[in-house]
1. For region 1-66, with equal point scatterers placed on the C-alpha atoms only and solvent neglected, what are the log10 I(q)/I(0) values from the Debye formula at q = 0.18, 0.26 1/Å, to two decimals?
2. Quick one: Cα convex hull volume of the chain, Å³ per residue?
3. Please identify the longest segment of the chain free of exposed trypsin sites (Lys or Arg not before Pro), where exposed means a DSSP state other than H, G, I, E or B and no more than 10 other Cβ atoms within 10 Å.
4. Tell me, what is the percent relative contact order of the chain, built from C-alpha pairs under 8 Å that lie six or more residues apart?
5. What is the spin-label model distance, in nm, from GLN98 to GLU52 if the labels are put 7 Å beyond Cα along the C-beta direction?
6. Could you give the nm distance between label points at LEU20 and LEU8, where each point is 7 Å from its Cα heading toward the beta carbon?
7. Could you pull the accessible area for HIS40 with a 1.4 Å probe, rounded to 10 Å²?
8. About its Cα centre, how strong a charge dipole does the chain have in debye, to the nearest 20, once Lys and Arg get +1 and Asp and Glu get -1 at the Cβ?
Amino acid sequence: REHVDPRLFEGLKQAKLQLLNGDHDVFGDGSVRLVYTPGHTPGHQSLLVELENTGPIVLSGDLYHTQANRQLRRVPTFNFDAQQTLASMDKMDKLLAQTGATLWIEHDKALADSLKKAPAYYD
């Protein structure tokens, strides 16, 4: 079994560290926002990206695992905290309504099959 060579991460010891508490506007202009969506894990985050031509997209991470998971509001038994997950789902519903963003559910194979693949891209 191969292991990770810790020397690959030596540069991180001097890297600037910023601990986040809640949502975070990465560049300060609203173009990329980390959205605090705990539940799957204590510090789980989703990502809202405002693209000039494509429009806003939310990468949901592990907030949802399938479309059915979202529609039926089912929380996987392995999630860290079911109530936090449900609250994060409510928060995501509000964010999507406010921004009109398209939601990308990372484990949704049908979505993955429909998305552009490199070298194509979203802008």
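1. Those come out to -0.87, -1.05, one per q.
2. 178
3. 17-115
4. 22
5. Computed distance between label sites GLN98 and GLU52 equals 2.6 nm.
6. Inter-label distance under the simple model: 2.3 nm.
7. HIS40 exposes around 40 Å² with every protein chain in place.
8. The calculation lands at about 280 debye.
The values are calculated or read from the model by the stated rules, or taken from the named source; none is laboratory data. Quick caveat: nothing in here was measured; it's all calculated off a predicted structure. In this analysis, Cβ positions are derived from the backbone assuming ideal geometry, glycine residues included, and neighbour counts consider all displayed protein chains. Accessible surface areas use protein heavy atoms only, side chains included; no ligands, DNA or RNA. Shrake-Rupley method; radii C 1.70, N 1.55, O 1.52, S 1.80 Å.
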